[in-house]
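Just so it is clear, none of the values below were taken in a lab; they were calculated from the coordinates. Values in this document were obtained by computation on a predicted structure and should not be read as measured data. With ideal geometry, Cβ positions are generated from the backbone for all residues, glycine too; neighbour counts draw on all protein chains shown.
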Amino acid sequence: MSGRSGTDPGSAATRAAGKRCPYRAEGRGILGPNGQSGGDANIPGPAPHRDGRGNGPDEYTRPQRGRGARRRTGEAIMREFILFSRKGWTTGDFPSLREAGRLDTVYQCILTALFLSHRIRRHVRFHAVLNGPPEPPVHLTVDGGALHDVRVDPDTWGEILRRVLSGGQHPGVTADRNPFQAVVRDLAGAGARLFVLEERGRPLEVVELTDHNVFVVGDHVGLPRGEERFVLRFGEKVSIGRTRYLSASVIDIINHHLDQRGL
């Protein structure tokens, strides 16, 4: 469930298709060009703007204490979101998020899934399965319980995605070669309840939710029918109304609804 937000730059995608990914995959992890884990876990970001208390208005650094703190070991993840990206590039060699098969949609969904004002949702995990050139698929995971040293601006996230898609690292952001159906199957096997967002589904307000809910959304093109049918083997369709929203807005509405229900 999403609105269309533009077309993909075919010429740029064609150039990317001719390049091989700078990493190779082995098992569930992404490795560097020599088969070793690549990158430096401490990625320097743009210098943060500071207020009088030393805090930036859009800066999220170390995990906070108290409400919204890093979840304890073994504590269940409360919410997960999966975005199926038909054309998101699977290489870190891209000019901009928008020109990389609409990785800007992935970035926007990361923000609405994980960020509050001056706080990260530590109990949320976001997945994006990228199916664009040059070597799909790539499964990105952003784990709110481990994420830090980030800001919410597109330049910061462009650098993070470039680094991770090139075989590097950033705390809380990982990449592997799992295809969409494997991601869904793993979550279902872990006992999660899965939901596909669709206008004709059951209203979210009347659906029984658990302490581990997974919501699947499509990108600006939508979720392929075959992938939708696969998810429905483990879950059901739910709706937030008859209006078609942008993918990021769908996630925002779901978060608000679950916040109100205390889930």
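Observations on the model:
- The distance separating the Cα centre of segment 77-132 from that of segment 201-263 comes to 16 Å.
- Both radii were evaluated on the Cα set of segment 75-261; the Rg over Rh quotient, with Rh as the Kirkwood radius, amounts to 0.93.
- Computed as a quarter of the hull surface, the mean projected area of the alpha carbon convex hull for segment 147-243 stands at 8.1 nm².
- Dipole-positive endmost among Gly132, Thr90, Val216 within segment 75-261 (Cβ charges, Cα centre): Val216
- Given charges at beta-carbon only (K, R positive; D, E negative), |dipole| of segment 112-263 in Debye: 260
- Listed residue (Gln108, Gly168, Gly201) projecting farthest to the positive dipole end of segment 75-261, Cβ model: Gly201
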